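The values are calculated or read from the model by the stated rules, or taken from the named source; none is laboratory data. Bear in mind the structure is a predicted one, so any value in this text is a computation, not a measurement. No Cβ is skipped: glycine too gets one built from the backbone with ideal geometry, and neighbour counts run over all protein chains shown. Note: accessible area is taken over every heavy atom of the protein model, side chains too, but ligands, DNA and RNA are not part of it. Shrake-Rupley method; radii C 1.70, N 1.55, O 1.52, S 1.80 Å.
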Amino acid sequence: LAMGTLSTSTVATGSHTFTVATNAASGMIVTVTGATLTSGANTIDACAANCTNTGGAGQGTEQFGINLKDNATPNVGLEVSGSAPIAAAAANYNTVDSFRFVTGDTIASAAAGINSSVFTVSYVANIAGATEAGSYTATLTYTATATF
C-alpha cells in the first residue's frame, strides 16, 4: 500500500480490504500486529489514543493510525458490507474520522457465525516539520481467529 509523499500540509491516506466469514458458534476476532511507520531508526508516532484529522487537526503532527469506517475527513474508507449477519468494527476502530494503531488490538469481531463480511482498512499518516526525512514503511499482519 503506497501512501505517497508525506507532507506537513496534507493528510496521507490509503486503504485496502479484507473479507472474513465463519461458522464458529462463538464468532471470530481480527487482530492487527506490527510496528508504526519507520525509516531506519526514525518513526512516525502511532495513535495509541485515538487521533482525529477533522478539519486538518492532525496536519503538522506526527500521526499514524487506522480505522474500519467510511470517513469524511479525510475522505477514505467504507463501512463493512455483506449479507446479514456480518461482523463489526471493534471499539477504537469503529468511529468515523478517528484513527488508532496499537499492535495486538482487536479491530473487528463477531459474537456468532457470520456471512462474508468485507472490511476496508483506512490508513492515515501525518508528519511534523521536524520529522526526519526518509522512506517510511510498515509491515502489518491481520489475523482472523475463530472463537469456539
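Name the single residue, out of those in segment 103-127 being open to solvent by 40 Å² or more (accessible area, probe 1.4 Å) and either among the β-branched types (Val, Ile, Thr) or part of a strand (DSSP E or B) (or both), that is farthest from residue 60 (Cα to Cα).
Going through segment 103-127, the residues open to solvent by 40 Å² or more (accessible area, probe 1.4 Å) turn out to be 103-104, 106, 109, 111-112, 115-116, 118.
Now narrow it down to the ones that are either among the β-branched types (Val, Ile, Thr) or part of a strand (DSSP E or B) (or both): 103, 106, 109, 115-116, 118.
Values: 103: 24, 106: 29, 109: 33, 115: 41, 116: 39, 118: 32 Å.
It comes out as 115.
Report the residue count in segment 128-143 for those that are of a type in the set (Gly, Ala, Ser) and open to solvent by 70 Å² or more (accessible area, probe 1.4 Å).
Filtering segment 128-143 for residues of a type in the set (Gly, Ala, Ser) gives 128-130, 133-135, 138.
With the extra rule that they be open to solvent by 70 Å² or more (accessible area, probe 1.4 Å), the set shrinks to 129-130, 133, 135.
Residues that pass the stated criteria total 4.
Can residue 49 be described as in a loop (DSSP other than H, G, I, E, B) and modelled with pLDDT of 95 or more? Show your work before the answer.
Numbers: in a loop (DSSP other than H, G, I, E, B): yes; modelled with pLDDT of 95 or more: no.
It is false that residue 49 is in a loop (DSSP other than H, G, I, E, B) and modelled with pLDDT of 95 or more.
Could you figure out which of (1) outside any strand (DSSP E or B); (2) of a type in the set (Val, Ile, Thr); (3) open to solvent by less than 60 Å² (accessible area, probe 1.4 Å); (4) in contact (Cβ under 8 Å) with a residue 40 or more places away in the chain isn't true of residue 73?
Unmet for residue 73, out of (1) outside any strand (DSSP E or B); (2) of a type in the set (Val, Ile, Thr); (3) open to solvent by less than 60 Å² (accessible area, probe 1.4 Å); (4) in contact (Cβ under 8 Å) with a residue 40 or more places away in the chain: (4).
In this structure, does residue 21 turn out to be out of contact with any helix residue (DSSP H, G or I) (no Cβ under 9 Å at 6 or more places or on another chain), part of a loop (DSSP other than H, G, I, E, B), open to solvent by 40 Å² or more (accessible area, probe 1.4 Å) and more than 17 Å from residue 94 (Cα to Cα)?
Values: out of contact with any helix residue (DSSP H, G or I) (no Cβ under 9 Å at 6 or more places or on another chain): yes; part of a loop (DSSP other than H, G, I, E, B): no; open to solvent by 40 Å² or more (accessible area, probe 1.4 Å): yes; more than 17 Å from residue 94 (Cα to Cα): yes.
For residue 21, the condition - out of contact with any helix residue (DSSP H, G or I) (no Cβ under 9 Å at 6 or more places or on another chain), part of a loop (DSSP other than H, G, I, E, B), open to solvent by 40 Å² or more (accessible area, probe 1.4 Å) and more than 17 Å from residue 94 (Cα to Cα) - is not met.
Which of the residues that make up segment 87-101 are among the hydrophobic types (A, V, I, L, M, F, W, C) and surrounded by fewer than 19 Cβ atoms within 10 Å (Cβ to Cβ)?
Answer for segment 87-101, where residues must be among the hydrophobic types (A, V, I, L, M, F, W, C) and surrounded by fewer than 19 Cβ atoms within 10 Å (Cβ to Cβ): 88, 90, 91, 96.
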